[in-house]
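Note sheet for the following structure.
The values are calculated or read from the model by the stated rules, or taken from the named source; none is laboratory data. Only a predicted model underlies this, so the values are computations on that prediction, with no experimental measurement involved. Here the Cβ positions follow ideal geometry from the backbone for every residue, glycine too, while neighbour counts run over all protein chains shown. Side chains are part of the model used for accessible areas, which takes the heavy atoms of the whole protein and leaves out ligands, DNA and RNA. Shrake-Rupley method; radii C 1.70, N 1.55, O 1.52, S 1.80 Å.
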Amino acid sequence: MKIGTKIAIAALGVAGAAIAGLAGKEIHRILNGEIRLPEGFTYTAHSGCEGTPDNSMEFLQKAVALGVPVLEVDVTVRNDGTPVLLHAETAANDEGLLLEDAVRYLSEASGSVRVNLDLKTVSGLEEIVRILQAYNMQDRCFFTGVESGNTQTVKIDAPGIPYYLNAELNIMRLDDEGYLRSLAQEVQRSGAVGLNCNYKYASKKLVEVFHAEGLLVSFWTADNKIVMRNLLTISPDNITTRNPILLASLLAQ
């Protein structure tokens with residue numbers, strides 16, 4: 001998510017305090033707090049999970065083998081318009097794993113895994129949709145990386161594919177119901193199914209307000225036990241992690 005410099009600095013400070021500065025009593029609360037997950041809760045294997053290379057076939061194979069409900073890949077287009085898996089806004093014609101190869105593999109290897117296509121550009125959406133439809137994967141995919149300025153492009157070029165909205169959050173107002181309700185209304189107007197944001201912006205009030213408005217909330221990228229456990233106590237709809245084995249073990253407790 002693109003955020004302003006001031007918010008980024010504040011967020012980094014809060015994240016550091018959230019782990020290094022926690023009192024023993026607060027850590028005990030997090031590790032022993034009640035987990036109440038909403039119906040349909042999922043967790044997502046971040047690209048490159050469990051030490052695999054980002055956006056690689058090895059990652060896809062690992063995620064499928066682990067049985068994760070959702071996996072995330074970064075999608076961009078080469079200079080010739082071919083969609084590929086790569087964490088970049090543009091790609092040379094020899095860069096990136098072909099999206100078609102990835103989608104073909106997933107369609108054959110799993111009948112259930114869903115795919116978060118994290119868009120690094122909104123160019124090439126029509127070709128992306130063509131590929132998804134060719135392998136009957138359109139109903140198992142959704143977009144993230146969508147911002148308010150390009151929602152119309154997504155609606156027109158990729159009709160019927162759900163997407164989460166990325167939005168700037170004020171780190172100082174995460175418990176301000178009026179502010180959060182205004183943010184939820186912005187997400188609704190965008191046509192998105194919910195909000196996808198960094199775990200540093202997580203608050204119970206945010207989740208409560210969005211759920212009251214019928215919207216989903218997804219947090220990324222939670223990679224250690226305390227952060228994961230804290231998120232699980234505030235009932236989001238999805239948590240994205242590079243360590244899905246650890247998260248799955250917490251859910252099984």
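Given the structure, is residue 208 open to solvent by 10 Å² or more (accessible area, probe 1.4 Å) and either over 19 Å from residue 175 (Cα atoms) or in contact with a Ser or Thr (Cβ under 9 Å, 6 or more places away or on another chain) (or both)? First the steps, then the outcome.
Details: open to solvent by 10 Å² or more (accessible area, probe 1.4 Å): yes; either over 19 Å from residue 175 (Cα atoms) or in contact with a Ser or Thr (Cβ under 9 Å, 6 or more places away or on another chain) (or both): yes.
Yes.
Return yes or no: is residue 184 in a helix (DSSP H, G or I) and under 27 Å from residue 27 (Cβ atoms)? Give the steps one after another, and end with the answer.
Numbers: in a helix (DSSP H, G or I): yes; under 27 Å from residue 27 (Cβ atoms): no.
Considered against the rule, which asks whether it is in a helix (DSSP H, G or I) and under 27 Å from residue 27 (Cβ atoms), residue 184 comes out as no.
If you take the residues of the stretch 61-99 that are part of a strand (DSSP E or B), charged (D, E, K, R) and out of contact with any Cys (no Cβ under 9 Å at 6 or more places or on another chain), which of them is farthest from residue 139 (Cα to Cα)?
Taking the stretch 61-99 first, the residues part of a strand (DSSP E or B) are 70-78, 83-85, 91, 97-98.
Then drop every residue that is not charged (D, E, K, R), which leaves 72, 74, 78.
Checking the rest, the ones that are also out of contact with any Cys (no Cβ under 9 Å at 6 or more places or on another chain) come to 74, 78.
Details: 74: 18, 78: 25 Å.
The qualifying residue farthest from residue 139 (Cα to Cα) is 78.
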Check the stretch 51-58 and report whether any residue there is part of a helix (DSSP H, G or I), open to solvent by 60 Å² or more (accessible area, probe 1.4 Å), at positive phi and at pLDDT 95 or above.
yes
If I go through the stretch 117-151 residue by residue, how many of them are aromatic (Phe, Trp, Tyr) and in contact with a helix residue (DSSP H, G or I) (Cβ under 8 Å, 6 or more places away or on another chain)?
2
